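First up is the structure itself, then whatever we jot down about it.
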Amino acid sequence: MTPTHRSQPRADTSDPRQCACFNVRKAARAVTQLYDEILRPSGLRITQFSLLTVIHLTGTGNITDLAEAAVMDRTTLTRNLKLLAEAGLITIREGDDARVREVSLTPGGRARLGAALPYWEKAQRRMTDTMGPARLERLLADLSVAVAAGQAG
C-alpha cells in the first residue's frame, strides 16, 4: 500500500501569495537590499561578495564547479565573473584543457574581500538580531532543503 498525503493540507494554488518561489524571491530581494546597503562602503554588492567568498573558499576552480557551488547557470555566472575580472578582483585563465576556464582571486580581490568582511558581519549580525539565532539557523536549514528540492526536478 502506498502512503497518501491526504493528512497534509494542500496548498491553495489559486492564491499566488502562497507560491514558494514568489515568497523566496521576495525574501531574497529584501535581504539583498539590507546586505547591499550595509556593504555599500566596501564598494561590493552582496552578489559580488558572495562570489568572491565562494572563489576564496574553493581556491582556484573552474566555472562549472563555481556554477554548481553558487547554484547559478554558467551564462549568468560568466557574466558576473566578467565584471569581477574587469574590476581586477579575479583572474580567469585557460586551464590545462583549453575548454576549461579557471578562476582565482587576485591580491586585490583578496584585499577587497577582507575589507568588506566587517560590513558583511554587520549585516549578518543584523539578521541574527532581528530573527534570533535559532530562527536564522532553521531558515538556513530550510533553504538548504529548498535548494535540494529545486535541484531534484
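The values are calculated or read from the model by the stated rules, or taken from the named source; none is laboratory data. As the structure is a prediction and not an experimental result, all values here were calculated from the model. Glycine gets a Cβ as well: all are built from the backbone with ideal geometry, and neighbour counts include every protein chain shown.
Out of E94, E102, I need the residue that is in contact (Cβ under 8 Å) with a residue 12 or more places away in the chain and of a type in the set (D, E). Which one?
Criteria check complete, one pass: E102.
When residues of region 14-61 are filtered for being buried (at least 16 other Cβ atoms within 10 Å of the Cβ) and among the acidic types (D, E), how many remain?
1
Select, from M72, M131, the only residue that is aliphatic (A, V, I, L, M) and at pLDDT 95 or above.
Answer to the check: M131.
Could you please find all residues in region 18-49 being outside any helix (DSSP H, G or I) and not basic (K, R)?
Result: C19, G43, L44.
With among the aliphatic types (A, V, I, L, M), loosely packed, with under 15 Cβ neighbours inside 10 Å and more than 15 Å from the chain's Cα centre (by Cα) as the only criterion, which of A98, A87 stands out?
Exactly one of A98, A87 is among the aliphatic types (A, V, I, L, M), loosely packed, with under 15 Cβ neighbours inside 10 Å and more than 15 Å from the chain's Cα centre (by Cα), namely A98.
For region 61-91, what are the residues that are more than 12 Å from L51 (Cβ to Cβ) and touching an Asp or Glu at 6+ places or on another chain (Cβ under 8 Å)?
N62
When the residues of region 9-48 are narrowed to those that are modelled with pLDDT under 90 and basic (K, R), which ends up farthest from K82 (Cα to Cα)?
R10
If I filter region 134-153 down to residues being over 16 Å from the mean Cα position of the chain (by Cα) and at pLDDT below 95, which single residue comes out as surrounded by the fewest Cβ atoms within 10 Å (Cβ to Cβ)?
My answer is G153.
Answer yes or no: is there a residue in region 85-100 that is of a type in the set (S, T, Y) and either modelled with pLDDT of 95 or more or assigned to a strand (DSSP E or B) (or both).
yes
Consider region 49-61. How many of its residues are within 25 Å of L143 (Cα to Cα), of a type in the set (S, T, N, Q) and at pLDDT below 95?
1
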